[in-house]
Amino acid sequence: MGWAEVTARSHARRLEREGWLERHAMTRGSGSMFVATRAGVRFAGVAVRAAGAPSPVWWAHDSACAWTAAWLTVRGREWLGPRQVLADGSWAGTVRWRTRHGARNSGHRPDLGVLLDGRRYAVEVELTQKASERLKAVLAMYGAQVGQNSLRGVIYVCGDAEDQRRVRDAAVSAGLPDQALRVEPLEEIQSQAVSQALSS
């Protein structure tokens, strides 16, 4: 938002007092995560149910999704958050892969959605290593959606260089066209979000 830290903290406290935000402390030194309450979601006019308290298992992922949303916002992109993607069945797909126990099927949705010039882009936040075959299956699903013109491409936000390499290699194996894949390190997303916010 381009606010100084003291201003952001003041706004957060005011939203808490109004009952529109809940604060959830994370691990020591990691600050807090703010989640919109039912009243906050209603006030914002977003047609989704409010999320529950974030599980510690998902703190890193939820935080990375929030950073990615901030990055999209400062770049002027229209985006849908995880709750909106979950509520909109048009973002859902099916992934099929094999394990040593046999064939597997699973529903899959991206973490965020982006709308740009009438075209849709999926956003995946990949901080933990999925099994290689499942990762390929997810990328193959996106490749099929690109081929059907229901999706323009997919952006992967990765935690480290090894995750970036795995995503790129899996995309090649899955047949996802190069121009339909963008891979960004989370650290760069955070840096760009902060620098663009401060310069605006």
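Among (1) of a type outside the set (D, E); (2) outside any helix (DSSP H, G or I); (3) open to solvent by 80 Å² or more (accessible area, probe 1.4 Å), which single condition is M33 missing?
The single condition M33 does not satisfy is (3).
Against the definition (farther than 18 Å from A174 by Cβ, in contact with a Lys or Arg (Cβ under 6 Å, 6 or more places away or on another chain) and among the hydrophobic types (A, V, I, L, M, F, W, C)), how does W91 come out, yes or no?
Yes: the conditions hold for W91.
Are any of the residues in the stretch 143-155 open to solvent by 30 Å² or more (accessible area, probe 1.4 Å), of a type in the set (G, A, S), part of a loop (DSSP other than H, G, I, E, B) and closer than 25 Å to E187 by Cβ?
No, the stretch 143-155 has no match at all.
Specify which of the listed residues (R13, R28) is of a type in the set (D, E, K, R), farther than 26 Å from R77 by Cβ, modelled with pLDDT under 85 and open to solvent by 60 Å² or more (accessible area, probe 1.4 Å).
Only one candidate qualifies: R28.
Taking the residues in the stretch 127-138 that are without any contact (Cβ under 8 Å) to a residue 40 or more places away in the chain and assigned to a helix (DSSP H, G or I) as candidates, determine which candidate is surrounded by the fewest Cβ atoms within 10 Å (Cβ to Cβ).
S132
Between A50, A60, A39, which is at pLDDT 85 or above, outside any strand (DSSP E or B), closer than 23 Å to R14 by Cα and of a type in the set (A, V, I, L, M)?
Checking each option against the conditions leaves just A39.
Picking from A122, A137, which residue would you name as being among the aliphatic types (A, V, I, L, M) and more than 14 Å from the chain's Cα centre (by Cα)?
Just one listed residue meets the conditions, A137.
Name the residues in the stretch 78-126 that are touching a residue at least 24 places away in the same chain (Cβ under 8 Å), surrounded by fewer than 19 Cβ atoms within 10 Å (Cβ to Cβ), of a type in the set (A, V, I, L, M) and assigned to a strand (DSSP E or B), would you?
Of everything in the stretch 78-126, those that are touching a residue at least 24 places away in the same chain (Cβ under 8 Å), surrounded by fewer than 19 Cβ atoms within 10 Å (Cβ to Cβ), of a type in the set (A, V, I, L, M) and assigned to a strand (DSSP E or B) turn out to be L115, L116.
Considering each of R42, R49, R38, R23 in turn, give the residue that is open to solvent by 40 Å² or more (accessible area, probe 1.4 Å) and farther than 24 Å from D88 by Cβ.
None of the other options fit; the residue is R23.
Restricting the search to the stretch 166-186, which residues are in a helix (DSSP H, G or I), surrounded by 13 or more Cβ atoms within 10 Å (Cβ to Cβ) and not β-branched (V, I, T)?
R166, R168, D169, A170, A171, S173, A174, A180, L186
In the stretch 53-72, which residues are without any contact (Cβ under 8 Å) to a residue 40 or more places away in the chain, open to solvent by 60 Å² or more (accessible area, probe 1.4 Å) and of a type outside the set (G, A, S)?
Matches in the stretch 53-72: P56, V57, W58.
The values are calculated or read from the model by the stated rules, or taken from the named source; none is laboratory data. This one's a predicted model, so the numbers in the text were calculated from it and none came from an experiment. With ideal geometry, Cβ positions are generated from the backbone for all residues, glycine too; neighbour counts draw on all protein chains shown. Accessible surface areas use protein heavy atoms only, side chains included; no ligands, DNA or RNA. Shrake-Rupley method; radii C 1.70, N 1.55, O 1.52, S 1.80 Å.
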